[in-house]
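Peer 1: Attaching a single structure in structure tokens format; questions to follow.
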Amino acid sequence: MKPNVIAVLDIGKTNKKTVIFHTNLDILSITKQSFPEIEENGLFVEQPEAVLDWFLDCLNAKSKSYNIRAISITTHGATITCIDKNGDLVTKPICYTNTVDQQFAIYGSRKKLHKTTATPEVGHLVNSAKMVFYVKNNFPKTYAKTKHILLYPQYFVYKLTGSICAEPTMLGCHSYLYDPYEKTYSELAKKLDIIDLLPSRISNSWEVAGRIRDDIANKYNLPEDCLVTTGIHDSNSSLLPYLIGCNNKFVLNSTGTWCIAMRPSNTIKIFDNQVDKMIFYNFIFYNAHSGFFNSLFCQRNSHIIGC
């Protein structure tokens, strides 16, 4: 009898992974692939369709050995997708690595945004709200077709299930779109006039978004009742085992394309001397903690840009 397993699509900026977990959370298989940025019309863009096709092909191959009961998606926190009424991308997701010039300051000072959203400005397009602003102002005809704005994991969740959803670890990850104090969409999201385009409900990371679409289940030999969860930010995902298993205070150094040092906190407060430094909070999806504290943020070359 094939063992029941959980499949995870882990989308980092540098590498993509299909990870198969036993239901006891032992890792049974890891398959890696790289999908470099491609250039279109002078901008670097992501390849979500290619990533999804690769992931489904991996699941098809793994289905010969495993009974895939659930799927979870985790991604880096700096990509948004705009989809039309048919569920198609109105434009390929723009990479946060693009250097662009835009007048984002009309929505408030960096200090005010840092204090109200508990996140600083991070690079040109790393703050997801700035991506929305850029697409809205530079591609108005294509943006006008937008029916839904989804963060990156939730785009893949949508393609797998047809469900529109949002969850706090992605919205709360240096996006400017989340108010961590009220646990809802931020004032900036309202000023951008995108509240009606964002999912109406913010669900927990562990909630089931839906079951796999019938056509996907049939084509890729997946159980028709295979469940897909709402999705989660990758740094939050890496923090989870330590929140469960560590009773003492700790700092977790999560490395990858970026390097982030994190510690749990029961309160969210940005002090004046922390404004404009690379210190921010992100909403935690497990236990009583309201957010986690990023004390150090490093870029790809490990150059410290804030502490």
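Only the coordinates and a few stated rules stand behind these numbers; no lab work does. This one's a predicted model, so the numbers in the text were calculated from it and none came from an experiment. Counting neighbours? That spans all protein chains shown, and the Cβs are built from the backbone with ideal geometry, glycine included.
Peer 1: Run lengths n ≥ 4 of DSSP H only: what is the helix-derived mean residue ellipticity at 222 nm for the chain, with -39500 (n - 2.57) per run over all residues, to the nearest 500?
Peer 2: Rounded to the nearest 500, it is -6500 deg cm²/dmol.
Peer 1: Which whole-Hz ³J(HN,Hα) couplings does segment 78-86 yield from phi under the Karplus relation 6.51 cos²θ - 1.76 cosθ + 1.60, θ = phi - 60°, glycine and proline marked x?
Peer 2: Result, ordered by residue: 10, 8, 10, 10, 10, 10, 8, 5, 8 Hz.
Peer 1: Okay, next question. How many angstrom lie between the C-alpha centres of segment 155-189 and segment 76-127?
Peer 2: 13 Å
Peer 1: Could you go through segment 61-76 in sequence order and give the Karplus-derived ³J(HN,Hα) for each residue, using 6.51 cos²θ - 1.76 cosθ + 1.60 with θ = phi - 60°, rounded to whole Hz, and x for Gly and Pro?
Peer 2: 5, 6, 5, 6, 10, 10, 9, 7, 8, 8, 10, 10, 10, 10, 9, 5
Peer 1: Order of 256-264, 147-155, 214-222, 114-122 by packing, highest average Cβ count within 10 Å first?
Peer 2: Ranking the peptides 256-264, 147-155, 214-222, 114-122 by packing returns 147-155, 114-122, 256-264, 214-222.
Peer 1: Quick one: work out the % antiparallel among DSSP beta bridges in the chain, nearest 5.
Peer 2: The answer is about 75 percent antiparallel.
Peer 1: I've got another one for you. Count charges around T229 for me, please; just the other residues with Cβ under 13 Å from its Cβ, Lys/Arg as +1, Asp/Glu as -1.
Peer 2: Overall, the nearby charge balance is 0.
Peer 1: Also, I was wondering about something else. In whole Å, what is the distance between the alpha-carbon centres of segment 197-275 and segment 1-67?
Peer 2: 16 Å
Peer 1: Now, a different point. With a cut-off of 8 Å between alpha carbons and a minimum separation of six or more residues, what is the relative contact order of segment 1-67 in percent?
Peer 2: Values: 91 pairs, mean separation 19.6, N = 67.
29 percent.
Peer 1: Separate question: Give me the net charge of Y143's neighbourhood, meaning all other residues with Cβ under 12 Å from the Cβ of Y143; Lys, Arg count +1, Asp, Glu -1.
Peer 2: It works out to a net charge of +2.
Peer 1: Follow-up. For a quick protection proxy, order the peptides 18-29, 33-44, 234-245 by their average other-Cβ count within 10 Å, most packed first.
Peer 2: Descending mean neighbour count gives 234-245, 18-29, 33-44.
Peer 1: Let me ask another. Would you kindly derive the ³J(HN,Hα) couplings of segment 277-283 from the backbone phi angles with the Karplus curve 6.51 cos²θ - 1.76 cosθ + 1.60 (θ = phi - 60°), listing them in order in whole Hz, with x for Gly and Pro?
Peer 2: Using θ = phi - 60°, the values come out as 9, 7, 10, 7, 10, 9, 5 Hz.
Peer 1: Could I ask something else about it? Pick out, from I20, G123, P199, the residue whose Cα sits farthest towards the positive end of the charge dipole of the chain, with +1 on the Cβ of Lys and Arg and -1 on the Cβ of Asp and Glu.
Peer 2: G123
Peer 1: Straight distance only, please: which lysines reach the Cα of K145 with their own Cα at less than 22 Å, same-chain residues fewer than 8 apart left out?
Peer 2: Cross-link targets: K85, K92, K130, K136, K159, K190, K191.
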